[in-house]
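The values are calculated or read from the model by the stated rules, or taken from the named source; none is laboratory data. What you see is a predicted model, and the numbers here were worked out from it, not measured in a lab. As a convention, Cβ positions derive from the backbone with ideal geometry for all residues, glycine included, and neighbour counts pool all protein chains shown. Side chains are part of the model used for accessible areas, which takes the heavy atoms of the whole protein and leaves out ligands, DNA and RNA. Shrake-Rupley method; radii C 1.70, N 1.55, O 1.52, S 1.80 Å.
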Amino acid sequence: MPRPIHCILLIDDDPDDNFLHRLVINESNQCDDVRIVTSGMQALTYLTHTDHPDYIRPDVVFVDINMPGMNGFEFLEEYQKLDTQLKGQVVVVMLTTSISFVDRQRAGSLPEINGYRTKPLTLAMINELVDAYFS
C-alpha cells in the first residue's frame with residue numbers, strides 16, 4: 001500500500017533533532033523519503049533546484065524557527081516569493097522549541113503555515129498531519 005506522504009523536508013540546524021525526527025518519521029510508516037537541510041538557505045536551494053538528480057518535491061516541510069544565518073521566519077519570507085509551481089501543495093509546519101506566544105501568533109499570520117508544533121516531533125503529530133491533509 002502506498003504511503004500517504006511521498007517526501008518530508010526537515011529544515012533544522014540541530015543534528016540530534018534531525019536524527020530523532022527521521023527515526024520518528026520512519027517509524028510512522030507514513031512517508032517514503034525524508035530530506036534534511038540544516039539552514040534556510042539550503043532549503044531554498046533544494047526547493048529551487050528541481051533538476052537535481054536527488055530532488056524529490058516535498059509534500060511536507062517542517063521548519064525550525066531558531067537557526068543561525070537565516071531563521072525560520074526569514075526562510076518563510078523568501079519561500080513566499082517562490083513561484084507557486086515550486087511550492088505546489090506543500091504543507092508547511094513550524095516545528096520548534098519556541099513556546100513564545102508572539103512566535104505562534106506570527107506563524108499563524110502567514111498564509112503558507114499550516115501548523116505550529118513544539119519539538120520533538122511525535123508519531124501522533126505525523127498521524128494528525130496525515131489525517132488532516134493526506135486522507
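Would you call Pro2 farther than 20 Å from Gln85 by Cβ, over 12 Å from the mean Cα position of the chain (by Cα) and not in a helix (DSSP H, G or I)? Considered against the rule, which asks whether it is farther than 20 Å from Gln85 by Cβ, over 12 Å from the mean Cα position of the chain (by Cα) and not in a helix (DSSP H, G or I), Pro2 comes out as yes. Is one or more of the residues making up the range 32-55 more than 25 Å from Lys81 (Cα to Cα) and out of contact with any Asp or Glu (no Cβ under 6 Å at 6 or more places or on another chain)? Checking the range 32-55: at least one residue is more than 25 Å from Lys81 (Cα to Cα) and out of contact with any Asp or Glu (no Cβ under 6 Å at 6 or more places or on another chain). Gly115 meets the conditions (1) small (Gly, Ala, Ser); (2) assigned to a strand (DSSP E or B); (3) surrounded by fewer than 17 Cβ atoms within 10 Å (Cβ to Cβ) in every case but one. The failed one is (3). Annotation note: Cβ proximity below 6 Å between a residue of the range 23-43 that is closer than 13 Å to Leu10 by Cα and a residue that is among the polar types (S, T, N, Q) and part of a helix (DSSP H, G or I) (sequence gap 6+ or interchain) occurs for Ile36/Asn18. Residue count for the range 5-24 satisfying the condition of being surrounded by 17 or more Cβ atoms within 10 Å (Cβ to Cβ), over 11 Å from the mean Cα position of the chain (by Cα) and either modelled with pLDDT under 95 or over 14 Å from Met125 (Cα atoms) (or both): 3.
Scanning the range 6-24 for residues that are out of contact with any Phe, Trp or Tyr (no Cβ under 6 Å at 6 or more places or on another chain), under 23 Å from Leu76 (Cα atoms) and aliphatic (A, V, I, L, M) yields Ile8, Leu9, Ile11. Could you list, in sequence order, the residues of the range 62-97 that are surrounded by 17 or more Cβ atoms within 10 Å (Cβ to Cβ), out of contact with any Gly (no Cβ under 9 Å at 6 or more places or on another chain) and in a loop (DSSP other than H, G, I, E, B)? If the condition is that a residue be surrounded by 17 or more Cβ atoms within 10 Å (Cβ to Cβ), out of contact with any Gly (no Cβ under 9 Å at 6 or more places or on another chain) and in a loop (DSSP other than H, G, I, E, B), then Val90 is the only one that fits. Scanning the range 25-50 for residues that are surrounded by fewer than 17 Cβ atoms within 10 Å (Cβ to Cβ) and farther than 22 Å from Phe73 by Cα yields Asn26, Glu27, Asn29, Asp32, Asp33, Thr50. Each residue in the range 51-61 was checked for being open to solvent by less than 20 Å² (accessible area, probe 1.4 Å) and either assigned to a helix (DSSP H, G or I) or in contact (Cβ under 8 Å) with a residue 60 or more places away in the chain (or both), and 1 of them qualify. Out of curiosity, is Phe62 touching a helix residue (DSSP H, G or I) at 6+ places or on another chain (Cβ under 6 Å) and not β-branched (Val, Ile, Thr)? When the stated conditions are applied, Phe62 does not pass them. Let me confirm something: among Asn71, Asn66, which residue is closer than 11 Å to Ile11 by Cβ and among the polar types (S, T, N, Q)? None of the other options fit; the residue is Asn71.
Determine whether Ser135 is of a type in the set (Gly, Ala, Ser), assigned to a loop (DSSP other than H, G, I, E, B) and in contact with a Lys or Arg (Cβ under 9 Å, 6 or more places away or on another chain).
For Ser135, the condition - of a type in the set (Gly, Ala, Ser), assigned to a loop (DSSP other than H, G, I, E, B) and in contact with a Lys or Arg (Cβ under 9 Å, 6 or more places away or on another chain) - is not met.
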